[in-house]
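Derivation of every value follows stated rules applied to the coordinates shown; laboratory data play no part. Keep in mind that this is a model prediction, so the values were computed, not measured. Cβ sites come from the backbone with ideal geometry, for glycine too, and all protein chains shown count toward neighbours.
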Amino acid sequence: DTGVSQDPRHKITKRGQNVTFRCDPISEHNRLYWYRQTLGQGPEFLTYFQNEAQLEKSRLLSDRFSAERPKGSFSTLEIQRTEQGDSAMYLCASSLGRGNSYEQYFGPGTRLTVT
Amino acid sequence: SQQGEEDPQALSIQEGENATMNCSYKTSINNLQWYRQNSGRGLVHLILIRSNEREKHSGRLRVTLDTSKKSSSLLITASRAADTASYFCATVEIGGYQKVTFGTGTKLQVIP
């Protein structure tokens, strides 16, 4: 088991461009989460999947943001028409999803810089 | 939005001393978790305490939970330089689809 992986680790893009990030959770985990973290702050919840179903979305997830988890395995987070305010670390986490197992395992994150 | 607020925001201690961090939150919770984040290992789960528990230990970590005051504390005993990191409390609300809401964090520096 290699843990949660995210790709790319760093992304620099110009304002107005679209970007897509990928997250590969731990293989037996059926819950997957996306967070955004800015400097000096804790991670902020964006969205959550149980298998392929997107069960909750934060108000932070404007219509420029979309997340998918086809087939309940890897997930993608797309940001359209990026803005400078989107610059942040985007974190993915997964958890087992059985019983009361709430412990989340985090990936290394994708650092987005919008110029 | 951030659910929890940690106190203090920053803490600097000598190696071997104990470090105590506090967390306050706003809603009714199913459980509260503490995570550590440093540049080397990213965000790592440390310990979970359920709403019907008052105290929990794991190695050098001791967590308390007071649901009447909506507060928790994390005690790290006999601190080491490797404990230098940011520590976040995170809550899972009742009926919250296991959405985890993080606090603002305490930055701990352990001086060798």
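Mind checking the mean number of beta-carbon atoms from other chains within 10 Å of the Cβ atoms in B:59-65? Mind showing how you got there, number by number?
Working: counts 0, 0, 0, 0, 0, 0, 0.
Rounded to a whole number, the mean comes out at 0.
Please compute the contact order of chain A in relative form: average sequence separation of alpha-carbon pairs under 8 Å and at least six residues apart, divided by the residue count, as a percent.
Numbers: 289 pairs, mean separation 41.5, N = 115.
Computed over chain A, the figure is 36 percent.
Quick check on chain A: take the gyration tensor over C-alpha atoms, sort the square-rooted eigenvalues as a ≥ b ≥ c, and tell me if it's rounded (a/c under 1.5), prolate or oblate. Don't skip to the answer; put the middle values down first.
On the way: a/c = 1.79, a/b = 1.68, b/c = 1.07.
Prolate shape, in that a/c is at least 1.5 and a/b is the bigger ratio.
In which sequence would B:MET21, A:MET89 go, from the one with the fewest C-beta neighbours within 10 Å to the one with the most? Before the final figure, lay out each step's value.
Details: B:MET21 23, A:MET89 20.
Ascending number of Cβ neighbours within 10 Å: A:MET89, B:MET21.
HN-Hα J couplings of the stretch A:59-73 from phi, Karplus 6.51/-1.76/1.60, θ = phi - 60°, integer Hz, Gly and Pro as x?
Values, residue by residue: 4, 5, 7, 5, 5, 7, 9, 9, 10, 9, 9, x, 6, x, 10 Hz.
Where does the charge balance sit around B:LEU11 when Lys and Arg score +1, Asp and Glu -1, over other residues with C-beta under 14 Å from its C-beta? Please report the intermediate quantities before stating the final value.
Numbers: positive: B:ARG36, B:LYS107; negative: B:GLU6, B:ASP7, B:GLU15, B:GLU17, B:ASP83.
After counting each charged neighbour, the total is -3.
Between the stretch A:20-46 and the stretch B:54-112, how many Å separate their Cα centres?
One Cα centre to the other: 20 Å.
What are the lysines whose alpha-carbon lies under 17 Å from the alpha-carbon of B:LYS69, with same-chain residues fewer than 8 places away excluded?
B:LYS26
For the residues B:SER73, A:SER95, what sequence is obtained by ranking on other C-beta atoms within 10 Å, fewest first?
Going from least to most buried by this count: B:SER73, A:SER95.
Set the bar at 25 Å for Cα to Cα. Now go through A:LYS14/A:LYS71; B:LYS56/B:LYS107; A:LYS57/B:LYS56; A:LYS14/B:LYS99; A:LYS14/B:LYS107 and name every pair that lies beyond it.
Working: A:LYS14/A:LYS71 31 Å; B:LYS56/B:LYS107 22 Å; A:LYS57/B:LYS56 32 Å; A:LYS14/B:LYS99 32 Å; A:LYS14/B:LYS107 32 Å.
Checking Cα-Cα distances, A:LYS14/A:LYS71; A:LYS57/B:LYS56; A:LYS14/B:LYS99; A:LYS14/B:LYS107 exceed 25 Å.
Got a sec? How would A:ARG31, A:ARG59 order by Cβ neighbour count within 10 Å, fewest to most? Before the final figure, lay out the partial values.
Numbers: A:ARG31 22, A:ARG59 7.
Fewest-to-most Cβ neighbours within 10 Å comes out as A:ARG59, A:ARG31.
Using θ = phi - 60° and the Karplus relation 6.51 cos²θ - 1.76 cosθ + 1.60, list the HN-Hα couplings for the stretch B:106-112 in order, rounded to whole Hz, with x at every Gly or Pro.
For the stretch B:106-112, the Karplus curve yields 10, 8, 9, 10, 10, 8, x Hz.
Any idea how far apart B:SER24 and A:GLU28 come out in nm if each label point goes 7 Å out from Cα toward Cβ?
Between B:SER24 and A:GLU28, the label points sit 4.2 nm apart.
Please give the net charge around A:SER75, taking every other residue with its beta carbon less than 9 angstrom from that of A:SER75, where Lys and Arg add +1 and Asp and Glu add -1.
Working: positive: A:ARG22, A:ARG69; negative: A:ASP24, A:GLU68.
Here the charged neighbours net out to 0.
Using a Gaussian network model of chain B whose springs link C-alpha atoms within less than 10 Å, name the residue from B:GLY42, B:GLY16, B:GLY59 with the highest mean-square fluctuation.
In the Gaussian network model the winner is B:GLY59.
Measuring from label point to label point, each 7 Å out along Cα→Cβ, what is the A:THR38 to A:ARG15 span in nm?
Going by the 7 Å Cα→Cβ label model, 1.5 nm.
Testing the spin-label approximation: label points 7 Å from Cα along Cα→Cβ at A:LEU55 and B:ALA78. State their distance in nm.
Going from the A:LEU55 label point to the B:ALA78 one covers 4.0 nm.
Taking 8 Å as the Cα distance limit and 6 or more residues as the minimum spacing, I'd like the relative contact order of chain B as a percentage.
Details: 286 pairs, mean separation 43.4, N = 112.
With pairs under 8 Å counted, the relative contact order is 39 percent.
Express in nm, to one decimal, how much length is gained between B:GLU55 and B:GLU15 on full extension, taking 0.36 nm for each residue of separation and deducting their alpha carbon distance.
Values: separation 40, 0.36 × 40 = 14.40 nm, distance 2.46 nm.
In short, 11.9 nm is gained.
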